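> Structure below; questions to follow.
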Amino acid sequence: MHGRTYTADATPGEAVTVAGWVHETRDLGGIAFLILRDKTGKIQVKLEKDEMDEAMVDTGLDAHRESVLKVEGDVKEEPRAPTGVEVVPTDIEVVAPADPELPLDPSGKVDAELPTRLDNRTLDLRKPEVQAVFEIRAELLRAVRDAFRSHDATEINTPKIVATGTEGGTELFPISYFGEEAFMNQSPQLFKQLMAGSNLERVFEIGPIFRAEEHNTPRHLNEAHSIDFEGAFCDHTEAMDVAEAVTKAAYEAVQENCADELETLGLADEFAVPSGEFPRLSYQEALDRVNATGELDEHLVWGDDLSTEAEHVLGREVGEHYFITDWPSEVKPFYIKDHDDDEEKSTGFDMMHPRMELVSGGQREHRHEQLIAGFEQQGLDPEEFEYYTKMFKYGMPPHAGWGMGAERLLMTMLDLDNIREAVLFPRDRQRLSP
Ligand code: AMO
């Protein structure tokens, strides 16, 4: 069966078979129009009641909106049709009927709340502006993969069912693994490091991460997708270079290859690839700039984490993507290396969009003894991580890397209000299905 509807480039006089969803039916009495829709666009089908087979006309007119029809017929020029041509049918078949009551209106005439949209994603994605988000998401991920390849990184996949967590013990989803306690992985952190120490040297992964965070915010998911990089013989500044390059590559690809989607989203004019180098502020400079605005009730001091409010103040100040570097060692995890000349300061960095954090990363502690000490300082039992720590005894080079939230990259790029709009089937506190 021909799935494609013919659009403006159909040749008049051509016999065609088109199939698609009934977008709209306009019954003007003696004459009626069906507008069929598919991925390629819309096409008008003309029904002339007195001149055409009655059963065929009835089949067309009785089909409820969003039913799938297959229409055979001839293409005729018709300047008044939305695409300048119409199909004059010789046969109409109902391929898949739709109930008259739809849970949401794909024509977009009636707005639906986000939960209704998420409950009915199939119908929701029949709307061009929602489809556009996911076409762009796919292009973004393609561009990210290409950018990593051009940085000599090899794509890997690491387990999502694991025995231990890495990003702080409280945010794990426990599962039962043949009667043993296991967890959904919060980050490929330890595995990507293990691969940086292999002959792969530079690796990347795009995969799900699971965070059992209790809070419900517009920028947190309980299942998100992380774009991870790890490179041997890299320090934190080179890792930042890669994060910046990957981000710019994603924007460039979307600008170049998603013009129609950006137009559909009303972003064609304002969409801009970040230009110039992203400013790199030290953590101390970041605190100073926030404090200087006087916009926060509190005065930030060394060791404070940046609250969402502080991030927003700083984002407004800087006004573009930027890095925060040299975080206090005490707020960064055990695997982040401290500066050699000042152990209060770590090589940990974040990459920020003015709205929120996109990336965390740093140079890693690659020295076995110091790594074990780091576990102990953080109250973790190094024995549990022996599969990881022992590889640091067999020639683990200095390495650095980072993780970037794919949904956050997409939502900030397209100025989406809620991170749930950037993932097909979000997992949050209230949502486990569909
Ligand atoms: P972190 O925990 O900061 O670092 O996560 C890295 C990036 O992943 C995204 N992210 C999330 N996005 C949506 N919902 C969530 N709940 C969520 N949690 C994280 C953010 C964040 O900046 N192992 C380190 C990375 C590294 O050092 O390589 C890590 O996971 O965009």
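The values are calculated or read from the model by the stated rules, or taken from the named source; none is laboratory data. The shown structure was predicted, so the numbers you read here are calculated from the model rather than taken from an experiment. A quick note on method: Cβ atoms are made from the backbone with ideal geometry, for glycine too, and the neighbour counts reach across all protein chains shown. The protein model used for the area step is the full one, side chains on, heavy atoms only, and it has no ligands, DNA or RNA in it. Shrake-Rupley method; radii C 1.70, N 1.55, O 1.52, S 1.80 Å.
> Tell me, how many Å apart are the Cα centres for segment 392-415 and for segment 228-271?
13 Å
> If you don't mind, there's one more thing I want to ask. For segment 173-243, which GluC sites (Glu not before Pro) pass both filters: DSSP loop (anything but H, G, I, E, B) and at most 11 other C-beta atoms within 10 Å?
Here the GluC sites (Glu not before Pro) that fit, given the DSSP loop and packing criteria, are E214.
> Which length gain, in nm to one decimal place, applies between R289 and T122 when the Cα-Cα distance is subtracted from 0.36 nm times their residue separation? Before the final figure, lay out each step's value.
Working: separation 167, 0.36 × 167 = 60.12 nm, distance 4.59 nm.
Between R289 and T122, full extension yields 55.5 nm more.
> In nm, what is the difference between 0.36 nm times the number of residues separating M391 and K109 and their Cα-Cα distance?
Extra length from M391 to K109 when fully extended: 95.6 nm.
> Along the charge dipole of the chain, Cβ charges K/R +1 and D/E -1, which of G108, S198, L306 sits furthest on the positive end?
Projecting each Cα onto the dipole axis, the largest value belongs to S198.
> What FRET efficiency comes out for the pair I175/S282, r = Cβ-Cβ distance, R0 = 51 Å, nearest 0.05?
After rounding, the FRET efficiency stands at 0.80.
> Let me ask something additional. Could you check how much of the accessible area of the chain is carbon and sulfur, as a whole percent, using a 1.4 Å probe?
Carbon-and-sulfur percentage of accessible area, whole number: 46.
> Sticking with this one: Between helix 368-377 and the chain, what is the angle of the helix's C-alpha long axis to the longest principal axis, kept within 0 to 90° and rounded to the nearest 10?
Here the helix axis deviates by roughly 80 degrees.
> Same structure, new question: Rolling a 1.4 Å sphere over the protein heavy atoms, what is the accessible area per residue of segment 68-154, to the nearest Å²?
That works out to 51 Å² for each residue.
> Then there is this: Taking Cα atoms, how many degrees apart are the long axis of helix 283-293 and the longest axis of the chain, rounded to 10 and kept between 0 and 90?
Approximately 70 degrees, to the nearest 10.
> Using Cα-Cα distances under 8 Å and only pairs 6 or more residues apart, what relative contact order does segment 34-118 have, in percent? Walk me through the intermediate numbers first.
On the way: 119 pairs, mean separation 23.3, N = 85.
The value is 27 percent.
> Could you go through segment 195-200 in sequence order and give the Karplus-derived ³J(HN,Hα) for each residue, using 6.51 cos²θ - 1.76 cosθ + 1.60 with θ = phi - 60°, rounded to whole Hz, and x for Gly and Pro?
Values, residue by residue: 7, 5, x, 8, 5, 5 Hz.
> Ok, one more. Show that you can apply the helix-only estimate: for the chain, add -39,500 (n - 2.57) for every DSSP H stretch of four or more residues, divide by all residues, and state [θ] at 222 nm to the nearest 500.
-8500 deg cm²/dmol
> To continue, here is another question. How do D146, D417 rank by accessible surface area computed with a 1.4 Å probe, from largest to smallest?
Result of the area sort, largest leading: D417, D146.
> A follow-up question, please. With contacts defined as alpha carbon pairs under 8 Å and 6 or more residues apart, what's the relative contact order of segment 1-154 in percent?
18 percent
> Do any trypsin sites (Lys or Arg not before Pro) in segment 13-51 lie in a loop, going by DSSP, with at most 15 other beta-carbon atoms within 10 Å of their beta carbon, and if so which?
K39, K49
> Treating only the Cβ of Lys, Arg, Asp and Glu as charged (+1, +1, -1, -1), what charge dipole size does segment 147-279 show about its Cα centre? Round to the nearest 20 debye. Display every interim value, and only then the final one.
On the way: 7 positive and 25 negative charges, 91 e Å.
That gives a dipole near 440 debye.
> Give, rounded to the nearest 20 debye, the magnitude of the charge dipole that the chain has about its Cα centre when Lys and Arg contribute +1 at Cβ and Asp and Glu contribute -1 at Cβ.
Details: 42 positive and 89 negative charges, 176 e Å.
Magnitude of the dipole: close to 840 debye.
> Using the C-alpha gyration tensor of the chain, what are the square roots of 5 times its eigenvalues, in whole angstrom, with the largest one first?
52, 23, 20
> Restricting to DSSP loop positions (anything but H, G, I, E, B) with no more than 13 other Cβ atoms inside 10 Å of their own Cβ, which GluC sites (Glu not before Pro) remain in segment 103-178?
Numbers: sites: E113, E129, E135, E139, E155, E167, E171; in loops: E113, E167.
Here the GluC sites (Glu not before Pro) that fit, given the DSSP loop and packing criteria, are E113.
> Suppose the chain between T164 and E14 were pulled fully straight at 0.36 nm per residue; how much longer would it get relative to their current alpha carbon spacing?
Gain on stretching T164 to E14: 47.7 nm.
> Spin-label point model (7 Å from Cα, Cβ direction): what's the E101 to A245 distance in nm?
Once both label points are built, they end up 5.7 nm from each other.
> Quick one: of the DSSP bridges fully inside the chain, what percent are antiparallel, nearest 5?
90 percent
> Might you tell me the accessible area per residue for segment 310-352, computed with a 1.4 Å probe and given in Å²?
39 Å²
> A further question on this structure: Give me, ordered by chain and number, the residues 5 or more places off H225 or on other chains with an amide H under 5 Å from its own placed amide H.
I209, A406, E407
> Distance between Cα centroids, segment 277-340 to segment 25-50: provide it in whole Å.
Here the two parts' Cα centres lie 58 Å apart.
> Longest exposed-loop-site-free stretch of the chain, with chymotrypsin sites (Phe, Trp or Tyr not before Pro), DSSP loop and at most 12 other Cβ within 10 Å?
Answer from the scan: 1-177.
> R0 = 30 Å: FRET efficiency of V88 with N157, Cβ-based, nearest 0.05? The partial results should precede the final answer.
Numbers: r = 52 Å, r/R0 = 1.73.
Here the calculated transfer efficiency is 0.05.
> Taking R0 as 35 Å, what's the FRET efficiency between H299 and V273 from their Cβ-Cβ distance, rounded to 0.05?
FRET efficiency, H299 to V273: 0.40.
> Rounded if a/c is under 1.5, else prolate if a/b is larger than b/c, else oblate: which is segment 266-346, with a ≥ b ≥ c the root eigenvalues of its Cα gyration tensor?
On the way: a/c = 2.51, a/b = 1.48, b/c = 1.69.
Oblate.
> Mind checking which of Q378, M396, L61 is farthest towards the positive end of the chain's charge dipole, using Cβ charges of +1 (Lys, Arg) and -1 (Asp, Glu) about the Cα centre?
About the Cα centre, the residue reaching furthest to the positive side is L61.
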